[in-house]
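Everything on this sheet refers to the single structure shown next.
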Amino acid sequence: MTAPLLEVTDLRTHFFTRAGIARAVDGVSFSLAPGEILGLVGESGSGKSVTGFSLIGLVDPPGRIAGGSIRFDGQELVGLSEARMRAIRGKRIAMVFQDPQATLNPVLTIGTQMALALQAHRQAHGRVTDRAAAERAGAMLTRVGIPEAATRLNNYPHEFSGGMRQRVAIAMALLNGPELIVADEPTTALDVSIQAQILAEMKSIARDSGTALIWISHDLATVSSLADRVLVMYAGRIVESGPVGAVLRAPLHPYTRGLLDSLPAMAQPGQRLAQIPGSAPSLLALPAGCPFAPRCAHADAACTTPPPRIDRPGRQALCHHPLDAAA
Amino acid sequence: MTDIVASNPHGPCIVAPEARGPCIIATSLTRRFDPHLSIGDRIAAAFGAPVETRAVRAVTDVSFTIHRNETLGLVGESGCGKSTLGRLVAGILGPTSGDIRLEGQPVMRRGRKTTTRIQTVFQDPFASLNPRRRIDATISEGPIAHGLITRAQAPAFVADWLARVGLDPAVATRFPHQFSGGQRQRVAIARALAMKPDILVCDEPVASLDVSIQAQVLNLFLDLRAALGLTCLFISHDLSVVRHVSDRVAIMYLGRIVEIGPAAQVYTTPRHPYTQGLLDSVPKLRLDADAVSFHPIAGELPSPLSPPPGCAFHPRCPRATELCRRERPKLAPHGASEVACHHA
Ligand SMILES: Nc1ncnc2c1ncn2[C@@H]1O[C@H](COP(=O)(O)OP(=O)(O)OP(=O)(O)O)[C@@H](O)[C@H]1O
Ligand SMILES: Nc1ncnc2c1ncn2[C@@H]1O[C@H](COP(=O)(O)OP(=O)(O)O)[C@@H](O)[C@H]1O
Ligand code: SF4
Ligand code: SF4
Ligand SMILES: [Mg+2]
Ligand SMILES: [Mg+2]
């Protein structure tokens, strides 16, 4: 067994707002091996992005990591100084956002931005020559499927289509050969055909370079075709985790089951879909016990107390009545 | 929040759509958007400066029929012209040429919509609902203006519609920002249906919603469609959503319909290489470990400013031949479908 690259234990990231404490991430634990692809799914507001931002030390006030540990390659990241975090972020851990605009500077050419990103992490080995930077940048653009990469380096972000811009953002993330990429819904805004190209590229990058990948998405189908393992998040907690095929074939948690069943692909055309009643709860007013209880068909009196952690080989769930228990 | 509308009592449609007669007929619809050039731009262009003077051909020579009580699904990639076609059908936008008729009558005359029988539901209910207007006013203003109800009837009318879309009538005096995305979409559906339309154009009605909320809104749509006998044009980039709600499906590429036919046939035996590529590129729920669940289409979507000559799909098509580069294929019957491809 390879040592985990990333080990997150009981991570708690809270937002201390005037209206109360929003426990956006509340006791999240998982680990990730080199080259592994982990899918993180859940409805909007469930805490996926905040989990991602916590990993790269980019939680803004009023939020902060209120507890837990993030060990990356043996090093504790929680409590690390911003200076030392900056040496890791962008170099050893890179992030790709849903909106490539967040990564790309509109007033610099792609080539300039990529050279700057390279320089930022190469001080130790002296300056990278402009030639070498351009070569490496061009190679990365080619890697993510951008034709005529050498000439495209002279283009500004607005001269690329949405799908191309996202690929440029991914190329930037790859520049310094990171060991971990956190990708937050990078294909959600893109067309299916472009999404498929990017998924295929990400898959081969993880396979060929041994880069570990955390793929944040609300789309179960995308995650099922990309990830090795999946984490299902609800109201700040991981309610189910395990190998993606096993989890989707036979979910342990009623929420996972509900998410799957509400997909049109799971129903006969024209028939009503199985729907989860209600909507995601406010983090400021979570029910006592299981946060899914108000929407859960299996809820009973036991569910007003915190659900226990259910362990199955390679899998876990937080539920009083896991679906593999005989009814 | 629960649906109070009874589930679809009719089940899937039994009568073949063709047997119900045409409702909407679009003939050679074309819509171009000319660039708005300033005087400076025009002078610069005249001197050969790189000013964009070409028109966007958003929809080109599109003809189709929607039968009564049928839902026609419309899919295609971003920018292919779906929303433009939807706005043409709804009479919100006039065609550059061609026409669109509802039971023989033009939907637009002299640049004005002629009927209230067609209503629309858009993707982003936040943008389409007036943020400063309480939702009771939003729902009742159209019906009052068109004499469907009197002002005195409005409160009961609004309460009834809110209940039908699964909202508590007590929320009538709230503003749009006081609702979640899914609830706002219910308000938008209530507003459209309160006009008692026969035809509903839905442009990406569930695109911005979470999976569980999407299922709730799709169920509401299915229930109301059956209860009110609606005829629909349903636009989405999500192939599985379109498959779920449509009787027939049209696939668009760069402003043209390349394949149109019964949903089951288009999805199980697609004939056009683009339809095949599109279906293959969608990641499917992969329940067994090894199956590869998607294959990207090669290449990029060309600009609608300069669609390739001949068949617009030829630069990306694995079956392209010399003929395809030269001559544009016309829609021709293939079984119950129509396909625009030289080698279908
Ligand atoms: N008012 C307008 N002025 C200029 N160009 C326009 C206008 N409306 C649409 N277009 C152009 O027409 C083409 C088709 O646009 P349309 O909005 O119909 O696409 P769509 O298929 O609905 O895309 P999406 O999936 O992104 O909603 C695009 O190239 C678009 O930029
Ligand atoms: N700056 C902030 N201030 C207060 N609450 C926040 C802030 N950022 C995120 N949150 C809250 O944290 C929760 C999780 O958010 P997020 O991780 O963005 O969800 P997801 O990515 O799963 O959609 C949400 O309830 C959100 O409102
Ligand atoms: S703990 Fe109870 S309420 Fe929560 S998911 Fe399990 S059965 Fe449902
Ligand atoms: S006409 Fe030719 S290029 Fe166009 S889709 Fe058919 S085979 Fe491909
Ligand atoms: Mg997010
Ligand atoms: Mg559109």
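The values are calculated or read from the model by the stated rules, or taken from the named source; none is laboratory data. Not measured: the values here are computed from a predicted model. With ideal geometry, Cβ positions are generated from the backbone for all residues, glycine too; neighbour counts draw on all protein chains shown. These accessible areas exclude ligands, DNA and RNA; they are computed on the full protein's heavy atoms, side chains included. Shrake-Rupley method; radii C 1.70, N 1.55, O 1.52, S 1.80 Å.
Odds and ends about this structure:
- Annotation for the stretch B:278-291: no member residue is crowded, with 24+ Cβ neighbours inside 10 Å, at pLDDT 90 or above and away from chain A (no Cβ under 11 Å).
- Helices (runs of 4 or more DSSP H) fully within the stretch A:107-183 counting 3 or more residues that are in contact with a Ser or Thr (Cβ under 7 Å, 6 or more places away or on another chain) and over 28 Å from residue B:305 (Cα atoms): none
- Checking each residue in the stretch B:184-199 for being farther than 19 Å from residue B:145 by Cα and touching a Ser or Thr at 6+ places or on another chain (Cβ under 8 Å) picks out only B:199.
- Scanning the stretch A:210-220 for residues that are within 17 Å of residue A:50 (Cα to Cα) and facing chain B (nearest Cβ under 9 Å) turns up just one, A:218.
- For residue A:4, the conditions (1) within 17 Å of residue A:211 (Cβ to Cβ); (2) crowded, with 21+ Cβ neighbours inside 10 Å are fulfilled apart from (2).
- For residue B:279: the one exception among (1) closer than 29 Å to residue A:222 by Cβ; (2) assigned to a loop (DSSP other than H, G, I, E, B): (2)
- The C-beta contact set for the stretch B:207-228 (first residue within 14 Å of residue B:181 (Cβ to Cβ), second residue at pLDDT below 90 and of a type in the set (Ser, Thr, Tyr), distance under 8 angstrom, 6+ apart or interchain) comprises B:210/A:44; B:212/A:279; B:213/A:279; B:213/B:180.
- Qualifying residue in the stretch B:283-292 (condition: in a loop (DSSP other than H, G, I, E, B) and in contact with a Phe, Trp or Tyr (Cβ under 6 Å, 6 or more places away or on another chain)): yes
- Only one entry of A:223, A:230, A:247 meets the criterion of being more than 8 Å from chain B (Cβ to nearest Cβ), under 30 Å from residue B:79 (Cα atoms) and either in contact (Cβ under 8 Å) with a residue 24 or more places away in the chain or part of a helix (DSSP H, G or I) (or both), and that entry is A:223.
- Only listed residue being open to solvent by 20 Å² or more (accessible area, probe 1.4 Å), under 30 Å from residue A:160 (Cβ atoms) and of a type in the set (Phe, Trp, Tyr), chosen from A:97, A:16: A:97
- Residue match in the stretch A:237-247 (condition: more than 21 Å from the chain's Cα centre (by Cα) and surrounded by fewer than 20 Cβ atoms within 10 Å (Cβ to Cβ)): no
- Number of the condition not met by residue B:99 [criteria: (1) within 25 Å of residue B:281 (Cα to Cα); (2) assigned to a strand (DSSP E or B)]: (1)
- Here residue A:289 meets the list (1) more than 28 Å from residue A:18 (Cβ to Cβ); (2) touching a Pro at 6+ places or on another chain (Cβ under 9 Å) almost entirely, failing just condition (1).
Here's the yes/no breakdown for (1) over 24 Å from residue A:275 (Cβ atoms); (2) out of contact with any helix residue (DSSP H, G or I) (no Cβ under 9 Å at 6 or more places or on another chain); (3) within 14 Å of chain A (Cβ to nearest Cβ); (4) crowded, with 21+ Cβ neighbours inside 10 Å:
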residue	(1), (2), (3), (4)
B:140	yes, no, no, yes
B:148	yes, no, no, no
B:152	yes, yes, no, no
B:177	yes, no, no, no
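- Figure legend. Inter-residue proximity from the stretch A:190-209: first residues at the interface with chain B (Cβ under 7 Å from one of its Cβ atoms), second residues among the β-branched types (Val, Ile, Thr) and open to solvent by less than 30 Å² (accessible area, probe 1.4 Å), beta-carbon distance below 7 Å, spacing 6+ or different chains. Indicated pairs: A:193/B:297; A:199/A:187; A:199/A:222.
- Looking across the stretch B:243-272 at every residue that is open to solvent by less than 10 Å² (accessible area, probe 1.4 Å) and in a helix (DSSP H, G or I), the one that is farthest from the other protein chains (Cβ to nearest Cβ) is identified as B:266.
- Across the stretch B:179-226, the number of residues qualifying as in a loop (DSSP other than H, G, I, E, B), open to solvent by less than 30 Å² (accessible area, probe 1.4 Å) and closer than 19 Å to residue B:73 by Cβ comes to 5.
- Checking each residue in the stretch A:214-235 for being modelled with pLDDT of 95 or more and within 18 Å of residue B:211 (Cα to Cα) picks out A:215, A:216, A:230, A:231, A:232, A:233, A:234, A:235.
- Close pairs from the stretch B:61-89: first hydroxyl-bearing (Ser, Thr, Tyr), partner part of a loop (DSSP other than H, G, I, E, B), Cβ under 6 Å, at least 6 apart: B:71/B:246; B:71/B:247; B:78/A:191
- For beta carbons closer than 6 Å, sequence separation of 6+ or different chains, a first residue in the stretch A:284-304 that is within 14 Å of chain B (Cβ to nearest Cβ) and more than 16 Å from ligand 5 (Cβ to nearest atom) and a second that is open to solvent by less than 50 Å² (accessible area, probe 1.4 Å) and hydroxyl-bearing (Ser, Thr, Tyr), the qualifying pairs are A:292/A:234; A:292/A:255.
- The stretch A:8-82 holds strands (runs of 3 or more DSSP E) entirely within its bounds, and those carrying 3 or more residues that are more than 24 Å from residue A:279 (Cβ to Cβ) map to A:20-32, A:63-72.
- Taken over the stretch A:255-283, the residue count meeting the criterion of being assigned to a helix (DSSP H, G or I) and farther than 19 Å from residue A:40 by Cβ is 4.
- Any hit, the stretch B:306-316, residues being open to solvent by 50 Å² or more (accessible area, probe 1.4 Å), more than 16 Å from ligand 1 (Cβ to nearest atom) and within 14 Å of residue B:258 (Cβ to Cβ): no
- Some residue of the stretch B:122-136 being open to solvent by 20 Å² or more (accessible area, probe 1.4 Å), within 28 Å of residue B:27 (Cα to Cα) and away from ligand 2 (no atom under 16 Å from the Cβ): yes
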